[in-house]
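All remarks here apply to the structure that follows.
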Amino acid sequence: MDTSVDWDPSLILDEIDAMREQYDLQVAKEEPSPKFQWEFACTLACSPRYKDVLEAVDLLDELVEVGFRRVECLHQLILANLKLGHYTKAKEAADVWLHLEPENGVARMLYSVVLERASHDGWLGFYGLTLLTATGLLLAWFRKRSQ
């Protein structure tokens, strides 16, 4: 049984382009709808393009500031920042969500995921730096011995 799913990234990119046209028209008229901005930001967060996800983070930040669907925006903001590898920003959003809803299981789970990813990537960076330092020291030692 074949359980593979064929996904065509051009479909989401086409949807983003269509939504961007609508959003730009609303901004030009100085009447952007928070609901449409939310939908556009969520679509951008699904994009495979880094710059689209960055734009989604900016739009979601705006919505959180004005208080529009704060919990839903924080949820999407955490996911988008995780996707970008911005763990500090993801943790800040998770902290706010946990402050608003301390008993929310999804908020607690995402907070744990943020901490796990940050520590995992932090350890990988630490090991990489240690390896580079050790290699540099060994090369310097060999050079000194060969002189």
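The values are calculated or read from the model by the stated rules, or taken from the named source; none is laboratory data. A quick note: this is a predicted structure, and the numbers were derived from the prediction, not measured. Every residue, glycine as well, gets a Cβ built from its backbone with ideal geometry; the counts of neighbours run over all protein chains shown.
So the values come out like this:
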| item | result |
| --- | --- |
| Residues within the stretch 20-45 that are hydrophobic (A, V, I, L, M, F, W, C) and surrounded by 17 or more Cβ atoms within 10 Å (Cβ to Cβ), tallied | 6 |
| Yes/no for LEU59 being part of a helix (DSSP H, G or I), more than 11 Å from the chain's Cα centre (by Cα), at pLDDT 95 or above and buried (at least 16 other Cβ atoms within 10 Å of the Cβ) | yes |
| Test: residue in the stretch 83-96 that is farther than 24 Å from SER112 by Cα, assigned to a helix (DSSP H, G or I) and more than 12 Å from the chain's Cα centre (by Cα) | no |
| Number of positions in the stretch 88-108 that are more than 18 Å from ARG69 (Cβ to Cβ) and exposed (fewer than 11 other Cβ atoms within 10 Å of the Cβ) | 4 |
| Conditions (1) crowded, with 20+ Cβ neighbours inside 10 Å; (2) of a type outside the set (A, V, I, L, M, F, W, C); (3) not in a helix (DSSP H, G or I); number of the one not met by PRO48 | (1) |
